[in-house]
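K.L.:
Take this structure first; my questions come after.
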Amino acid sequence: MEGSVGQTAEFTLASISELSSSSSSSVASSSPAAARFYTDSGVAELRFHQQPESDGFVNVDLQSAQLFKLGPVYSVCISEGSDTGEEKLYSKGVNLQFRNEAESKAFHCVFEKRKKDLAEQGNSLPNGELSTSKSKFDEKIEPSSAKMYFHYYGQLLHQQNMLQDYVRTGTYYAAVIENRADFTGRVVVDVGAGSGILSLFAAQAGAKHVYAVEASEMAEYARKLIAGNPALGQRITVIKGKVEDVELPEKADILISEPMGTLLVNERMLETYVIARDRFLISNGKMFPTIGRIHMAPFSDEYLFVEIANKALFWQQQNYYGVNLTPLHESAFHGYFSQPVVDAFDPRLLVSPSISHVIDFTKIKEEELYEIDIPLRFIASVGTRVHGLACWFDVLFNGSTVQRWLTTAPGAPTTHWYQLRCVLSQPLYIMAGQEITGRLRMIAHDAQSYTIYLTLSAKMWGPAAEQGGILQTSSCKLDLKEPYYRMSQPQPYAMAQDQQPHQLIQTQDIPIQSQDLEEPELIPQPSPSSGIQLNTLIDNA
């Protein structure tokens, strides 16, 4: 249930002071403080404490609490203590000072929503029974996976890895700054804000106010970073909580996010991005990024195939400390081929032009991301062994002034996403001009990733190809959650001694048709990953 009272949300305050000194845990602070909504032992509470958190704190029972606005940035929160006849006594009260009016509105909005949820649950639940309702995120995602996910992104070293991807960060910066017209005077929501860098970019571009929503502990670091940039930070509110649960005081004119994972869809944050669109974005509001494309092409890489197959040689030992390991060789062999390979490869390994699958973030429904089914059809440009399917992605920032692409294509500057390859345990033998067909099917699972089902088939070729059938078929099942991280840079491309030089294959984008976008003219031709002249690449072999 959206806005479940069991969800944690946290706000930074300019200062707090307790009205009554009768509490044993008195608190008074003129330095930054925090207010946290959470559930303890089944009771929904609001905790006020200094930052960093210390023993000095005040807990307020949400069910009995009242919040009164005293001014644009001043409020008071009081909690009922006991009844004496018709008169109620209030044992706790806290003066609140917010850093700006927008943060005050956001806090009041969440407070009222939590109170409303409590009232609804109180009317429907038997006395003493606790609500077991879950947010939409919790219903889809396995708890241990979510815990690891938020722990990972709550660490500065991982944020640094992403910030130091200068293709990623530089493209976001350029897309925002070059499209100031979209941000100036507008309300922005940063979905999964992380360190808050995109929120700061939006403020630099003139945003009226930015709500930075972040569920991990990185929200605390984002607050510190934003506070250290006061000229921008006064227009940014960090809200700790899941996009599926938090409430905002106003709608957004524009969403900005970095929801892309390996193969675009890994980590399933695209679903959160779409949910944020439906919950927070005004009609005809903008999304940065706007669309994504998954690109695919068959490849030939004998070195990679042998490398993976050789991993299972360990299990062919018949006398390993007196033990015969061979009964497990077949299982190990298929296990290694169930891992998609993440690395940066030489684009000359592709054996046909690429095709694309378009995901329009402004139109797609969340449920459509649960299963992605892509038909495949390629025409081989060379005769070789096909070892699998290579994949990469790009996203478009469709600004009013500039349309800018962020690409992870082979041959382009390498990003921290690299590229991904699905390797077949049984390669296909193909001739130049032969048709390769198949299907790439991705099914979401509760570990915040996808199970990949790939089938490739080689069809008859030549003058009578239309009357021919399938000659060879090879299939594999892979877990996108468990990739094989191989290397960070392309390896030298070596041409076999008996292989004649052929016209090198270009990685190309398939133009987006009108059925994919209502305004196809927004797609630059060519895109950054198209028309790479491979014969200009340095051959280190």
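The values are calculated or read from the model by the stated rules, or taken from the named source; none is laboratory data. Since this is a predicted model, take the numbers as computed values, not measurements. FYI the Cβ positions are ideal-geometry reconstructions off the backbone, even for glycines, and counts take in every protein chain you see. Note: areas computed on protein heavy atoms with side chains; ligands, DNA, RNA excluded. Shrake-Rupley method; radii C 1.70, N 1.55, O 1.52, S 1.80 Å.
K.L.:
ILE177 versus MET148, label points 7 Å from Cα toward the beta carbon: distance in nm?
P.N.:
Placing both labels 7 Å along Cα→Cβ, they lie 3.8 nm apart.
K.L.:
On the accessible surface of segment 342-468, probed at 1.4 Å, how many percent belong to carbon and sulfur atoms? Write out the running numbers ahead of the final one.
P.N.:
Values: 2270 of 4420 Å².
Whole-percent figure for carbon plus sulfur exposure: 51.
K.L.:
Quick one: length gained pulling LYS224 to GLN51 fully straight, 0.36 nm per residue minus the C-alpha distance?
P.N.:
61.2 nm
K.L.:
Over the Cα atoms of segment 298-422, each weighted equally, I'd like the Debye log10 I(q)/I(0) at q = 0.10, 0.11, 0.19, 0.21 Å⁻¹, rounded to two decimals.
P.N.:
Debye output, listed in q order: -0.49, -0.57, -1.16, -1.27.
K.L.:
Rolling a 1.4 angstrom probe over the protein heavy atoms, how many square angstrom per residue are accessible across segment 391-466?
P.N.:
On the way: 2630 Å² over 76 residues.
Each residue of segment 391-466 exposes 35 Å² on average to a 1.4 Å probe.
K.L.:
Okay, moving on. Calculate, in nm to one decimal, what PHE314 and HIS334 gain on full extension: separation in residues at 0.36 nm each, minus their alpha carbon distance. Please report the intermediate quantities before stating the final value.
P.N.:
On the way: separation 20, 0.36 × 20 = 7.20 nm, distance 1.37 nm.
Computed gain between PHE314 and HIS334 is 5.8 nm.
K.L.:
Still on this model: Suppose all protein chains stay in the model; what accessible area per residue would a 1.4 Å probe give for segment 234-348, in Å²? Don't skip to the answer; put the middle values down first.
P.N.:
Numbers: 4100 Å² over 115 residues.
Ligands and nucleic acids excluded, the result is 36 Å² per residue.
K.L.:
Still on this structure, please answer the following. Measure out, as a whole number of angstrom, how far apart the alpha-carbon centroids of segment 147-186 and segment 410-440 sit.
P.N.:
About 29 Å separates the Cα centre of segment 147-186 from the one of segment 410-440.
K.L.:
Determine the distance separating the Cα centre of segment 268-328 from the Cα centre of segment 369-390; give it in Å without decimals.
P.N.:
So the separation of the two Cα centres works out to 15 Å.
K.L.:
Now a separate question. For segment 184-325, with all protein chains present and a 1.4 Å probe, just round the carbon and sulfur fraction of the accessible area to a whole percent.
P.N.:
Details: 2420 of 4750 Å².
In segment 184-325, the share of accessible area belonging to carbon and sulfur is 51 percent.
K.L.:
Specify whether the C-alpha gyration tensor of segment 144-212 places it in the rounded, prolate or oblate class, a ≥ b ≥ c being the square roots of the eigenvalues: rounded for a/c under 1.5, otherwise prolate if a/b is larger than b/c and oblate if not. All intermediate terms of the calculation are to be shown ahead of the outcome.
P.N.:
Working: a/c = 3.23, a/b = 1.69, b/c = 1.90.
Judged from the Cα gyration tensor, segment 144-212 comes out oblate (a/c at least 1.5, b/c at or above a/b).
K.L.:
With +1 on the Cβ of every Lys and Arg and -1 on the Cβ of every Asp and Glu, and nothing else charged, how large is the dipole of segment 272-366 about its Cα centre, in debye rounded to the nearest 20? Provide the component values of the computation, followed by the final result.
P.N.:
Details: 8 positive and 9 negative charges, 123 e Å.
Roughly 580 debye, rounded to the nearest 20.
K.L.:
Round to the nearest 10 and report in Å² the accessible area of PHE57, as given by a 1.4 Å probe over the protein chains' heavy atoms.
P.N.:
The value for PHE57 is about 60 Å².
K.L.:
Please find the FRET efficiency linking HIS416 to TYR74, where r is the Cβ-Cβ separation and R0 is fixed at 41 Å, and quote it to the nearest 0.05.
P.N.:
Details: r = 44 Å, r/R0 = 1.08.
Working from the Cβ atoms, E equals 0.40.
K.L.:
Would you mind calculating the gained length between GLU367 and ASP165 on full extension (0.36 nm times residue separation, minus the Cα-Cα distance), in nm to one decimal?
P.N.:
Answer, rounded to one decimal: 69.6 nm.
K.L.:
So, taking all protein chains as they sit and a 1.4 Å probe, how much accessible area belongs to LEU396, in Å² rounded to tens?
P.N.:
0
K.L.:
Given charges of +1 on the Cβ of Lys and Arg and -1 on the Cβ of Asp and Glu, with all other atoms neutral, how large is the dipole of segment 343-406 about its Cα centre, in debye to the nearest 20? Working shown, then result.
P.N.:
On the way: 6 positive and 9 negative charges, 76 e Å.
So the magnitude is around 360 debye.
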